[in-house]
Amino acid sequence: MKDVFSRRSFIRSSSSAIAAAAAACLTPSHAAGPRAPRAPSTGGSPIRLGLASYTFRNFGRAQLIDLMKQLNVNALNAKDVNDHLSMEPLEETKALADYAAAGIALHAAGAISFAKDEDDDIRSKFEYCKRAAIPVIVAGDPSPETLPRIEKFVKQYDIRIAIHNHGPEDKLWHSPLDILEAIQSMDPRIGCCIDVGHTVRAGTDVVQAIHRAGPRLFNMHMKDLTDFQNKASQVPVGDGKMPVRAIFEALLATKYNGFVDLEYEVHADDPMPGVSSSFAYMRGVLAGMSEAKRA
């Protein structure tokens, strides 16, 4: 499942305009001073790129905001890690004010644990997202037995649940296909967050999984691997074997209207070089796809 649109072939074959667009999106982590977010260049593609805040789990909220400005990213999947988006209401309010002031929009929260099959615990997670006007909860570990109770709150709050698969180590959800089988008769607001790295490690074709999920795909976590059997082989997007262009094509074909959130889990103390490279590559692929469509 080698992605023929590798970083090297991208650099060799891209037109100068597309290469310039990708380069313009790549701002080094040491750039002087914050700047206001602006719409990144993806050649007019309807696919929207965002960031999973877990990527910067070792950095506080102020640093996260500054780094997002450097990356020219203003869409965030926020997690209750560090001080990114606390579940404590007063602290959450402070975080929301900071993001609003920076022009950063929160489109998802998580991954959030649903380890307890209890109304009060589940309600607290929905209240957390309601306060933030977040439309999608990325759920990390709800058991099949807990799903009917979660479904009750999905209907009450009209907030979608995107169950996150975690690969072969996950005792419950190895692959998006496991999730789809469990939820097929449930409310259509219960769906998937496909983590592409965990999906390929589970032996599932990620492009086929996107087509299978269809309208039940609510969020995407993007990463890249050099070895589809090795979680530790993560590299910047474009440096591994992930079929990035085919993934984007599948999202377009299924009319996906969510976000593709980069989740870069390696080099936690200095993730910025890999994060910058990943966004530049993804933007370049999208710009190239748009250019080819116009040709």
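Residue count for the range 144-174 under the criterion of being within 16 Å of Asp117 (Cβ to Cβ) and open to solvent by 30 Å² or more (accessible area, probe 1.4 Å): the result is 8. Residues in the range 221-246 that are closer than 21 Å to Gly288 by Cα and of a type in the set (A, V, I, L, M, F, W, C): Met222, Val237, Met242, Val244, Ala246. Scanning the range 212-234 for residues that are open to solvent by less than 30 Å² (accessible area, probe 1.4 Å) and more than 23 Å from Asn74 (Cα to Cα) yields Ala213, Gly214, Leu225, Phe228, Ser233, Gln234. Each residue in the range 174-198 was checked for being in a loop (DSSP other than H, G, I, E, B) and either over 18 Å from Asn77 (Cβ atoms) or of a type in the set (Gly, Ala, Ser) (or both), and 7 pass. A count restricted to the range 198-216 and to residues that are within 17 Å of Asp141 (Cα to Cα) and under 17 Å from the mean Cα position of the chain (by Cα) stands at 2. Residues that are over 24 Å from Asp141 (Cβ atoms), touching a residue at least 40 places away in the same chain (Cβ under 8 Å) and β-branched (Val, Ile, Thr) do not occur anywhere in the range 173-196. Of the residues making up the range 175-189, those that are buried (at least 24 other Cβ atoms within 10 Å of the Cβ) and either out of contact with any helix residue (DSSP H, G or I) (no Cβ under 7 Å at 6 or more places or on another chain) or more than 10 Å from Asn165 (Cβ to Cβ) (or both) number 1. Across the range 236-276, the number of residues qualifying as crowded, with 19+ Cβ neighbours inside 10 Å, of a type outside the set (D, E, K, R) and within 18 Å of Leu67 (Cβ to Cβ) comes to 10. In the range 247-265 there is at least one residue that is more than 17 Å from the chain's Cα centre (by Cα), at pLDDT 95 or above, part of a helix (DSSP H, G or I) and within 19 Å of Gly288 (Cα to Cα).
For (1) in contact with a His (Cβ under 8 Å, 6 or more places away or on another chain); (2) open to solvent by less than 70 Å² (accessible area, probe 1.4 Å); (3) among the aliphatic types (A, V, I, L, M); (4) closer than 21 Å to Ala139 by Cβ, each residue gets a yes or a no:
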{"residue": "Leu71", "(1), (2), (3), (4)": "no, yes, yes, no"}
{"residue": "Asn82", "(1), (2), (3), (4)": "no, no, no, yes"}
{"residue": "Ser86", "(1), (2), (3), (4)": "no, yes, no, yes"}
{"residue": "Glu92", "(1), (2), (3), (4)": "no, yes, no, yes"}
{"residue": "Gly103", "(1), (2), (3), (4)": "no, yes, no, no"}
{"residue": "Ala111", "(1), (2), (3), (4)": "yes, yes, yes, yes"}
{"residue": "Lys116", "(1), (2), (3), (4)": "no, no, no, yes"}
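Could we say that Gly214 is at pLDDT 95 or above and part of a helix (DSSP H, G or I) here? So Gly214 fits the description; yes. Within the range 118-128, being more than 25 Å from Asp170 (Cα to Cα) and surrounded by 14 or more Cβ atoms within 10 Å (Cβ to Cβ) holds for Glu127, Tyr128.
The values are calculated or read from the model by the stated rules, or taken from the named source; none is laboratory data. Predicted model only: the values in this text are computed from it and were never measured. Heads up, the Cβs are rebuilt from the backbone with ideal geometry, glycines too, and the neighbour counts pull from every protein chain shown. Each accessible area value is taken on the protein alone, full model and side chains, heavy atoms only, with ligands, DNA and RNA left out. Shrake-Rupley method; radii C 1.70, N 1.55, O 1.52, S 1.80 Å.
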